[in-house]
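One structure below.
The values are calculated or read from the model by the stated rules, or taken from the named source; none is laboratory data. Everything numeric here is computed off the predicted structure, so don't read it as measured data. Cβ sites come from the backbone with ideal geometry, for glycine too, and all protein chains shown count toward neighbours. Areas reflect the complete protein model, heavy atoms only, side chains present, ligands, DNA and RNA absent. Shrake-Rupley method; radii C 1.70, N 1.55, O 1.52, S 1.80 Å.
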Amino acid sequence: IRAKKDGAFVLCKLSTTSSPVLCVDERPLNLSQKSILSLGKTKYDSRETHTLYQQNSEEVVRVLSSRNFAALQTASGKLLYTGNGAVFGITGKDVPRGEWKEVALPDKNVKVQFCSSDNTGAFCLVVSDKGSVYFGGSNKKGEAGEAPGRQPKPIKLKRIAKLKDQEVVGCACGGHASAMVSQDGKLFMFGNLDNDVTDSNTGVVTALLGVPVSQVAMGRSHTVVLSQHGVVYTFGSNTFGQCGRNFVGPKDKERGTYVRVCVCVCVYSETSLLWTPL
């Protein structure tokens with residue numbers, strides 16, 4: 001049994017008479033049951049190891065988790081959560097252990113394309129298949145693209161007004177800051193940021209204008225940006241070297257060029273991870 005690049009599995013028939021051993025036939029293999037396991041204690045479930053989700057009716061494509069809640073994005077475009085719903089602006093009793101509740105989007109006939117939350121479960125961003133981006137949770141430092149109130153309360157999911165004319169394809173949440181990538185490759189950021197990072201009116205990151213951005217990832221106080229050409233840009237705190245300053249990246253010895261990066265991730269709070277194609 002081996003895994004394919006698209007995440008599927010195949011059953012291989014091997015020929016032991018050849019050297020090396022070759023796969024002479026393969027057939028698709030479908031898992032009869034898929035589960036999501038949770039490790040460690042949380043406020044919504046005190047067990048250290050348990051099955052978080054085990055329903056074959058919905059294919060899960062993304063998982064969000066913090067100490068207060070867990071959320072699942074499904075292939076059909078739904079967003080389900082268990083635990084405390086404040087990150088989505090939902091107040092009231094927590095969803096009990098083992099139960100899941102669907103998060104309703106403000107607009108009708110849209111599906112969830114991408115979602116992200118900060119590590120503490122204070123706020124979230126949700127991107128729809130129509131390119132709209134919604135903010136939910138606590139807007140303490142202007143993460144929603146607007147000034148916070150004196151006593152900010154959790155906000156129900158609502159569209160970010162400053163990006164109503166933008167088609168958003170990706171997002172990330174950091175320490176009191178949010179970031180969004182548009183279809184045309186612009187990067188927008190709101191929240192607790194240095195004054196010279198973004199345009200105060202639009203939120204666009206001015207230093208990266210002209211650079212086609214494909215992905216963004218955020219830690220507590222640093223940001224990693226990946227361009228469509230595989231070039232990585234970082235800014236923010238470099239206290240622990242998370243921005244790669246004074247660090248020479250891996251080089252192709254034959255060609256003398258830096259390797260191309262395909263995925264970037266920030267591990268909260270002082271680590272950056274970069275994946276390169278084989």
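Within the range 226-238, residues that are touching a residue at least 12 places away in the same chain (Cβ under 8 Å) and among the aromatic types (Phe, Trp, Tyr) sit with their Cβ atoms under 8 Å from residues that are surrounded by fewer than 15 Cβ atoms within 10 Å (Cβ to Cβ) and not in a strand (DSSP E or B), at 6+ positions apart or across chains, in these pairs: 235/207.
Picking from residues in the range 223-240 that are closer than 27 Å to residue 122 by Cβ and part of a loop (DSSP other than H, G, I, E, B), the one that is least open to solvent (accessible area, probe 1.4 Å) is 237.
If the condition is being hydroxyl-bearing (Ser, Thr, Tyr), open to solvent by 30 Å² or more (accessible area, probe 1.4 Å), in contact (Cβ under 8 Å) with a residue 12 or more places away in the chain and farther than 23 Å from residue 172 by Cβ, then the range 45-68 contributes 49, 51. In this structure, residue 17 qualifies as among the polar types (S, T, N, Q), open to solvent by 50 Å² or more (accessible area, probe 1.4 Å), assigned to a loop (DSSP other than H, G, I, E, B) and out of contact with any Cys (no Cβ under 7 Å at 6 or more places or on another chain). For the range 213-222, enumerate the residues that are assigned to a loop (DSSP other than H, G, I, E, B) and either modelled with pLDDT of 95 or more or among the polar types (S, T, N, Q) (or both). Correct list: 221 only.
Checked against the criterion of being open to solvent by 20 Å² or more (accessible area, probe 1.4 Å) and within 14 Å of the chain's Cα centre (by Cα), the range 69-92 contains not a single residue that satisfies it. Restricting 254, 270 to residues that are at pLDDT below 95, surrounded by 11 or more Cβ atoms within 10 Å (Cβ to Cβ) and charged (D, E, K, R) narrows the list to 270. Within the range 108-120, being within 13 Å of the chain's Cα centre (by Cα) and under 18 Å from residue 217 (Cβ atoms) holds for 113, 114, 115, 116, 117, 118, 119.
Against the list (1) open to solvent by 10 Å² or more (accessible area, probe 1.4 Å); (2) in a strand (DSSP E or B); (3) at pLDDT below 95, the condition residue 97 fails is (2). Just so you know, in the range 148-166 the residues that are within 27 Å of residue 76 (Cβ to Cβ) and part of a loop (DSSP other than H, G, I, E, B) include one that is least open to solvent (accessible area, probe 1.4 Å), and it is 160. Across the range 101-121, the number of residues qualifying as in contact with a Phe, Trp or Tyr (Cβ under 7 Å, 6 or more places away or on another chain), farther than 30 Å from residue 194 by Cα, in a loop (DSSP other than H, G, I, E, B) and open to solvent by 30 Å² or more (accessible area, probe 1.4 Å) comes to 2. Only one entry of 170, 185 meets the criterion of being touching a residue at least 40 places away in the same chain (Cβ under 8 Å) and in a loop (DSSP other than H, G, I, E, B), and that entry is 185. Evaluating residue 124 against the criteria (1) in a loop (DSSP other than H, G, I, E, B); (2) under 15 Å from the mean Cα position of the chain (by Cα); (3) at pLDDT 95 or above; (4) not polar (S, T, N, Q) leaves one unmet condition, (1). With respect to residue 194, is the statement that it is modelled with pLDDT of 90 or more and open to solvent by 50 Å² or more (accessible area, probe 1.4 Å) true? Criteria not met by residue 194.
Taking the options 131, 185, 145, 136, name whichever one is open to solvent by less than 10 Å² (accessible area, probe 1.4 Å), of a type outside the set (A, V, I, L, M, F, W, C) and in contact with a Phe, Trp or Tyr (Cβ under 7 Å, 6 or more places away or on another chain). Can you show your working first?
Working: 131 fails: in contact with a Phe, Trp or Tyr (Cβ under 7 Å, 6 or more places away or on another chain); 185 fails: in contact with a Phe, Trp or Tyr (Cβ under 7 Å, 6 or more places away or on another chain); 145 fails: open to solvent by less than 10 Å² (accessible area, probe 1.4 Å).
The conditions single out 136.
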